[in-house]
1. Counting other beta carbons within 10 Å of each residue's own, what order do Thr115, Thr264 fall into, fewest first?
2. Using a cut-off of under 18 Å, list every residue of region 324-356 whose amide N is near the label point 7 Å from the Cα of Ala123 along the Cα-to-beta-carbon line.
3. To test your reading of the geometry: what angle, between 0 and 90 degrees and rounded to tens, separates the Cα axis of helix 44-55 from the longest principal axis of the chain?
4. Whole angstrom only: what separates the Cα centroid of region 111-140 from the Cα centroid of region 278-346?
5. For the chain, which span is the longest to avoid every loop-located (per DSSP) member of chymotrypsin sites (Phe, Trp or Tyr not before Pro) having at most 12 other Cβ atoms inside 10 Å?
6. Any chance you could tell me what percent of the C-alpha pair distances in region 192-288 go past 18 Å?
7. Please list, by residue number, everything in region 411-437 whose backbone N is under 20 Å from a paramagnetic label point 7 Å out along Cα→Cβ of Gln451.
8. Would you pull out the residues with amide H under 5 Å of Tyr69's amide H, same chain only if 5 or more places away, H placed 1.01 Å from N?
Amino acid sequence: MSWLSKQILLVHRMSMIAFVDLLLASRLLGQTVPASPEHPWHGSAELNLQAYAKNVTDSRFTLDQSKTYSLSELIDLAQAHNPATRAAWERARSQAAALGITRSELYPTLAAAATSQTESAQAFFGDRFHGQTIQSFQLALDLNYTVFDFGARSGRIDAARARLLSANFAFNDTHRSVIDQVEQAYYRLLNSIGQEDSAQASLANAKAVERAAQERLSNGLATLPDVLEARSATAQAEYDLQSALGAEEIARGDLATAVGTSATVAIRVQPLDELPTPDSISETVEETINRAFARRPDLMQQAAEIRSSNARLKEARAAYYPTLGVHASPAIPSLYGIQQPFHWSHTVDLAGSLSFNLNWTVFDGGARKGSVAQAQADIRVAEAQTNLKKNQIADEVWTAYSNLNTAFRQHRAAVALLEAANQSYSAALESYKYGLRNLLDVTAAQRSLAQARSADVFARTQVLSTLADLAFTTGDSIQTHKGTSHP
């Protein structure tokens, strides 16, 4: 097979491949829309996406369900396995790659090309046509470099660097949010466990009252309505216990999800009684707000936007000045030719070009002026949004600080309430056994004790929860659990 025939066959194969690709693309673009607005759409693409979604790597991991985890251990697991930190990390890496792309403008671009061409024709020479074939091979380089542009590239690089800085702060803020999610779910679980224990104790008290009423009925000292009332109180306590059990199941699922594993995984946590409950805060609210201004990653992210806007202004101003570039394209052509009735001939040469290009936009109808004005407005917007963010942070810290002080006072009141309710219930039950109080007094004291137990558990977990919320609003939560180079 001749060389020309091989070239024709290669072109034919490439044409067939392009035709098949076109058919596949037309099938994808030819997907139908829903047939009517009354029914959901289902199609082959849905099945393909379902299979694709199943093949996505599952980030959930296995926990040791026999181990009792502390809050700090759960936070460490969440930072390593929660998909939110992974997504924020990959976005930061994407911005780092974008910065690398922008920095590449500081260097020349070099491209290499190798071409081969065959020409066959009839050349008229003298009084006849002569068949001739020319085969050329050429290796060429193409070099482009911007010598100077008065700061346009550096402006784009500064803007990309600011976007990377913003992505890094967003990564930190994601860790802050994940830590807060784990803490709040952890304390909700502790509260639900405490409420379950309180409901168990209330059920035991209700059963004790019911037994006392039954004994008095057996001795002729009580009436049947008293026993029925006691049974009703027991049934209510049982109902409250089931509600507490359901709340605990939901809280466990929330904590497992926040950590980054399956909601069906039961995580064992430290009991509420083992956790110290603070009763005051030594720092003033002004000091707390100032610390938040220094540590909140979302505020730093907004400040990075100001830097990015300044960089875009620098790039817009550079458009008023010329750019100088150099273009070099050396080539080495190798030519083979034959013309009947002569023999093959060959030549090699060094060719190419070198040029300098100076581009300067003299008039653009105000486009550059508009770009500068837009960049200046963006700076003012970013500065205003930064001030707005500072006001929001100050309000969030003030609210969290006030909630924490309220939780301290409620905790002290709940302790006193529980002690008083305990004494009241014990005295009422003892008096009822001796016939000095009626059943309504006992059941009222029992309900008050149940409410006091619930309030005590809620007050203790509320102190811990609001303390965590204050750490979240000030940015303290990410100071002791710093993210590393991986999520």
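FYI, it's all coordinate maths here, none of it is from the lab. In this text, all values refer to a predicted model and were calculated from it rather than measured experimentally. Using ideal geometry, Cβ is built from the backbone for each residue, glycine included, and neighbour counts are taken over all protein chains shown.
1. Ordered from fewest to most neighbouring Cβ atoms within 10 Å, Thr115, Thr264 come out as Thr264, Thr115.
2. Within reach of a label on Ala123, which here means backbone N under 18 Å from a point 7 Å along Cα→Cβ, region 324-356 contributes 334-349.
3. 70 degrees
4. So the separation of the two Cα centres works out to 45 Å.
5. On the way: sites that count: Trp41, Phe342, Trp344, Trp360, Phe363, Tyr434.
Free of exposed loop sites, the longest segment is 42-341.
6. Working: 3046 of 4656 pairs.
Here the tail beyond 18 Å accounts for 65 percent of pairs.
7. Inside the label zone: 411-429.
8. Counting only residues 5 or more places away or on other chains, the set is Arg268, Val269, Gln270.
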